[in-house]
Amino acid sequence: MKVRRRARIVALQALFEIDTVHHSPDVTLQWRLQEVPLPVAGESFARRLVHGVLENRSALDAVIQRIAPEWPIEQMAPVDRNILRLAAFEILADESTPPKVAINEAVELAKSFGGDSSSRFVNGVLGTLLSERNELLATFPIVGQPSGPEAEARPGVGAQEPAGEAGAAPVGNGALLKPGGHLKS
C-alpha cells in the first residue's frame with residue numbers, strides 16, 4: 001500500500017477518534033503514528049490532513065451541508081462524515097493532491113471503512129463539491145496548511161521512520177475502528 005494512502009488511513013482513524021470520543025488531537029495523532037509508523041513524508045502528510053481538517057472543521061461542515069442538505073452533518077455516520085471532511089480539505093485547500101485523486105482515495109476509504117452505500121454517497125457529494133469548487137471557495141474560505149519544513153514539526157508528535165500496514169485501529173477505551181466501519185469494544 002502506498003505511503004499517502006496509509007497516511008490518509010491514519011488521518012481518518014485519528015479524525016474518527018477525535019470526533020467520536022473527543023481525545024486530544026496531538027495525542028491521538030501521536031498514538032496513531034506509533035501504531036502505524038510512516039516514513040517522514042507520510043507522517044507529515046497525515047499530520048497536515050488532520051490539523052487542516054480540524055482547523056477548518058466548521059467551514060468544511062458548512063460546505064458539506066450545502067452540498068448534501070438532506071443529510072445533516074450530525075446525523076451522518078461518523079466514518080462518512082470524516083471521510084468527507086478529509087477529502088473536502090484535500091480538494092479545497094491541499095494543492096499537493098489532484099482533486100480527482102482525492103475523490104478516488106475517499107471512495108476507497110469509504111469502501112474499506114464505511115457502510116454498504118458509503119462509497120456511492122461519498123462519490124456523489126465530492127463530485128458535486130468539485131463541480132462547485134470555485135463558488136464554494138468564494139463562499140467558505142478554507143485555510144490550507146503549510147507544506148515543507150514548517151509542516152514537519154508539530155508539538156507532541158514525533159517522527160517515525162519504518163513503514164507499517166494499516167488495518168483495525170484502536171480508537172480509545174479499548175474500541176477498534178475496523179475496515180467496514182465497525183466500532184468494536
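The values are calculated or read from the model by the stated rules, or taken from the named source; none is laboratory data. What you see is a predicted model, and the numbers here were worked out from it, not measured in a lab. In this analysis, Cβ positions are derived from the backbone assuming ideal geometry, glycine residues included, and neighbour counts consider all displayed protein chains.
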Selected residue (only one of LEU12, LEU38 is modelled with pLDDT of 95 or more, buried (at least 24 other Cβ atoms within 10 Å of the Cβ) and not in a helix (DSSP H, G or I)): LEU38
Residues satisfying the stated conditions in the range 92-128, i.e. assigned to a helix (DSSP H, G or I) and in contact (Cβ under 8 Å) with a residue 60 or more places away in the chain: GLU105, GLU108, LEU109, SER112, PHE113, SER118, VAL125, THR128
Conditions (1) within 21 Å of ALA41 (Cα to Cα); (2) under 13 Å from the mean Cα position of the chain (by Cα): number failed by VAL101: (2)
Residues of the range 34-91 satisfying the condition of being charged (D, E, K, R), over 17 Å from ILE142 (Cβ atoms) and in contact (Cβ under 8 Å) with a residue 24 or more places away in the chain: GLU35, GLU43, ARG47, ASP80
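Of the residues in the range 17-35, how many are surrounded by fewer than 24 Cβ atoms within 10 Å (Cβ to Cβ) and assigned to a helix (DSSP H, G or I)?
Filtering the range 17-35 for residues surrounded by fewer than 24 Cβ atoms within 10 Å (Cβ to Cβ) gives 18-28, 30-31, 33-35.
Okay, now just the ones that are also assigned to a helix (DSSP H, G or I), so 18-21, 25-28, 30-31, 33-35.
Number satisfying all stated conditions: 13.
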Flag if ILE64 is under 13 Å from the mean Cα position of the chain (by Cα) and either not basic (Lys, Arg) or not in a helix (DSSP H, G or I) (or both): no
Output for the range 67-81, where each listed residue is in a helix (DSSP H, G or I) and touching a Ser or Thr at 6+ places or on another chain (Cβ under 9 Å): ILE67, PRO78, VAL79, ASP80
Of residues in the range 71-85 being of a type in the set (A, V, I, L, M, F, W, C) and surrounded by fewer than 24 Cβ atoms within 10 Å (Cβ to Cβ), the one nearest to ARG8 (Cα to Cα): ALA77
